[in-house]
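The values are calculated or read from the model by the stated rules, or taken from the named source; none is laboratory data. Everything numeric here is computed off the predicted structure, so don't read it as measured data. Here the Cβ positions follow ideal geometry from the backbone for every residue, glycine too, while neighbour counts run over all protein chains shown.
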């Protein structure tokens with residue numbers, strides 16, 4: 001027979017304003033096993049926890065129920081409290097009377113009734129709880145960073161700085177990501193490459209960091225502290241160890257039809273190429289779609305000219321498998337496709353470009369060597385019109401419902417840089433709202449207007465059309481209630497950003513949750529913003545939500561701190577709420593093994609005494625270090641042999657019964 | 001009918017949630033009849049949201065709107081200014097007690113590519 005204490009939290013007015021907490025505490029006083037019940041203003045506070053500890057000792061409690069917020073919030077807190085008072089932490093149950101009750105109801109009477117039922121449900125469960133003890137699993141002291149942009153680079157450098165080994169897996173031929181494509185950064189206007197490339201070099205030179213470029217994650221097994229990851233090293237047809245980055249092959253390559261991805265396909269590149277001058281690793285890669293040798297078997301010119309003998313047309317994809325304790329996802333973003341926005345004429349007019357394309361045109365290493373020339377005829381544009389929110393804040397289905405967050409600032413940056421460099425250029429910006437929260441951000445935007453005379457027009461563009469070689473931009477000027485028509489030479493679209501599409505595959509491999517916009521979900525928006533709900537997986541950069549470089553770097557360092565905190569531990573406590581099979585009931589049908597997402601179930605042949613006879617039986621066996629306690633096997637098992645510790649069928653049914661008593 | 005009831009009625013008829021509008025003006029930025037309209041497409045949405053239905057009922061723009069649906073097509077928030085204009089137009093015509101359209105007139109003229117609202121509004125305008 002249990003001796004149960006019930007503790008109802010007011011959560012200030014969060015619960016107490018909607019739920020009569022005293023009535024709840026009173027109502028359950030005489031329930032089975034309950035020997036003590038109390039309420040307190042903030043149960044999670046020092047004093048609240050002391051109240052629980054004292055009650056456990058004074059009333060010799062064997063189990064407690066806390067009626068409070070979601071267990072995701074404070075279950076760990078109250079488990080620690082119980083343990084400090086000598087009670088097994090798995091004898092604690094949380095009744096969620098905040099998120100599941102007070103926050104969603106208005107009627108005090110009904111909410112109180114519901115709170116009583118929820119608390120009774122938890123009491124019913126505690127009556128059947130048994131103390132559980134956590135096992136231990138070792139931690140592999142190596143981290144994996146997926147994505148080699150600024151987020152991945154920063155996370156890797158910080159983790160390596162603490163002395164742990166890190167692998168960066170980057171799907172492209174070089175690390176650097178989107179930041180490498182950017183010309184200048186807001187709000188300081190410092191050169192992006194000048195601050196990024198030293199960090200890239202640091203990565204390459206750091207003994208603890210292994211850069212696996214041109215590689216992709218193919219398979220992930222295991223769990224926090226103990227991941228086993230299969231990585232595909234795509235054939236680049238160039239020996240990474242031999243290539244010196246001399247670029248002679250690039251000069252001699254006769255196939256020059258490939259589109260330069262780094263320059264947003266604004267110019268051509270050879271079939272064998274190094275993405276950009278400061279690439280890390282500074283090693284060539286062959287594009288098999290463009291290479292004449294790989295397609296027809298004739299040519300081989302690059303192999304002939306390569307002094308290092310690095311070219312190898314026979315190279316095949318290779319697979320390596322490594323163990324990691326923690327994984328940082330930093331897969332980044334891309335601008336959205338603009339096919340659905342024909343009103344802006346992006347696909348018909350060469351001189352309607354995206355902001356990232358403008359970034360390359362303005363860059364000294366870009367297709368025009370940094371001279372602002374329009375793509376169609378190489379002329380200097382005299383009138384430039386920017387359109388913001390192209391596909392952002394769009395609930396019509398064509399774009400994205402969210403604000404892409406970076407566009408207001410980079411548009412102000414572009415407008416300002418153009419007016420600075422080419423003062424005779426007229427610059428217009430169509431905006432819906434200008435959003436500039438951030439240190440020195442609004443000051444930056446105001447400089448574009450006040451100092452550089454950029455013409456900001458409140459309103460959206462309805463259509464862009466070509467008339468005698470001029471781009472006619474027709475839009476609203478809502479302040480003056482006018483329709484305006486601007487004859488422009490160049491139109492720049494601030495296209496919405498979306499997570500890099502490969503993140504979906506990564507999320508599936510990691511069983512990390514992802515939202516409807518393909519952003520990875522953090523564990524808690526405020527309290528665990530860099531952790532995925534999947535233990536041991538951390539999120540950095542735009543894969544978690546739109547953000548600029550300062551925020552990305554902060555988040556990456558935060559991830560590194562979390563990873564370091566994990567890797568310094570020699571052992572991790574495992575979750576004792578794992579599945580186990582009742583040997584006499586198991587019929588060895590294998591259904592549980594086929595649904596287990598973690599591969600925790602194997603089968604053993606075992607001699608059992610059944611009805612006085614010895615039989616050799618095939619029985620399910622769960623590896624408690626691998627099992628994550630999801631319960632998929634327990635509901636699949638046709639004979640009811642599988643059960644979950646701490647969440648047994650009996651416990652769940654007792655809860656259901658309690659709810660149905662009403 | 002009170003002003004509030006009239007507003008609710010127009011909102012219901014239009015099937016549009018005017019609160020979704022984020023005042024970007026893309027509707028008016030695209031409108032080919034903009035210069036002919038005394039009240040602009042974006043103002044129809046805004047005035048209705050403010051409950052200023054009387055101004056809309058008096059507007060000349062309900063007869064100059066082409067019902068071309070460009071505003072509906074372009075709206076990033078799935079608001080339909082043309083549907084609001086159509087609802088106002090309909091309210092005015094109903095108050096006059098005449099519809100001007102016979103049921104049997106419709107079938108031979110229906111083309112599946114033409115938005116049905118365009119047909120309806122055209123009948124109403126030309127029969128007013």
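A quick yes/no check of all residues on (1) in the same structural domain as residue A:178 (by TED's automatic domain parsing); (2) farther than 30 Å from residue A:599 by Cβ; (3) surrounded by fewer than 14 Cβ atoms within 10 Å (Cβ to Cβ); (4) modelled with pLDDT under 95:
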position	(1), (2), (3), (4)
A:198	yes, yes, yes, no
A:203	yes, yes, no, no
A:212	yes, no, no, no
A:216	yes, no, no, no
A:262	no, yes, no, no
_Just the residues that are crowded, with 21+ Cβ neighbours inside 10 Å, free of Cβ contacts under 8 Å to residues at least 40 places away in the same chain and at the interface with another protein chain (Cβ under 10 Å from one of its Cβ atoms), please, taken from segment B:40-59._
B:40, B:42, B:43
*Just a yes or no: is a residue in segment B:65-75 loosely packed, with under 12 Cβ neighbours inside 10 Å and either within 14 Å of another protein chain (Cβ to nearest Cβ) or at pLDDT 90 or above (or both)?*
no
*Qualifying strands (runs of 3 or more DSSP E) (wholly inside segment A:471-542; at least 2 residues being farther than 23 Å from residue A:399 by Cα and not assigned by TED's automatic domain parsing to the domain that holds residue A:561)*: A:482-488
*Given segment A:2-106, what helices (runs of 4 or more DSSP H) lie entirely inside it while holding 2 or more residues that are surrounded by fewer than 19 Cβ atoms within 10 Å (Cβ to Cβ) and over 36 Å from the mean Cα position of the chain (by Cα)?*
A:21-27, A:46-58
*asked:* When the residues of segment A:411-439 are narrowed to those that are within 14 Å of another protein chain (Cβ to nearest Cβ) and part of a strand (DSSP E or B), which ends up surrounded by the most Cβ atoms within 10 Å (Cβ to Cβ)?
replied: A:430
*Residue satisfying all of: in segment A:440-484; over 28 Å from residue A:348 (Cα atoms) and touching a residue at least 40 places away in the same chain (Cβ under 8 Å); nearest to the other protein chains (Cβ to nearest Cβ) among these*: A:441
*Within segment A:494-509, is there a residue that is on the phi > 0 side of the Ramachandran plot, buried (at least 17 other Cβ atoms within 10 Å of the Cβ), in contact (Cβ under 8 Å) with a residue 24 or more places away in the chain and within 13 Å of chain B (Cβ to nearest Cβ)?*
no
*Read through the list (1) over 18 Å from residue B:121 (Cα atoms); (2) modelled with pLDDT of 95 or more; (3) more than 10 Å from chain A (Cβ to nearest Cβ), then give the number of the only condition that residue B:10 fails.*
(1)
_In segment A:313-326, residue farthest from residue A:242 (Cα to Cα) [restricted to those that are touching a strand residue (DSSP E or B) at 6+ places or on another chain (Cβ under 7 Å) and assigned to a loop (DSSP other than H, G, I, E, B)]_ = A:325
*Which condition breaks for residue A:184 when tested against (1) surrounded by 20 or more Cβ atoms within 10 Å (Cβ to Cβ); (2) at negative phi; (3) in contact with a strand residue (DSSP E or B) (Cβ under 7 Å, 6 or more places away or on another chain)?*
(1)
*Of all residues in segment A:150-165, which are under 19 Å from residue A:197 (Cβ atoms), in contact with a strand residue (DSSP E or B) (Cβ under 9 Å, 6 or more places away or on another chain) and buried (at least 24 other Cβ atoms within 10 Å of the Cβ)?*
A:151, A:152, A:153, A:155, A:156
*residue A:580 fails exactly one of the following numbered conditions: (1) within 15 Å of residue A:631 (Cα to Cα); (2) outside any strand (DSSP E or B). What is the number of that condition?*
(2)
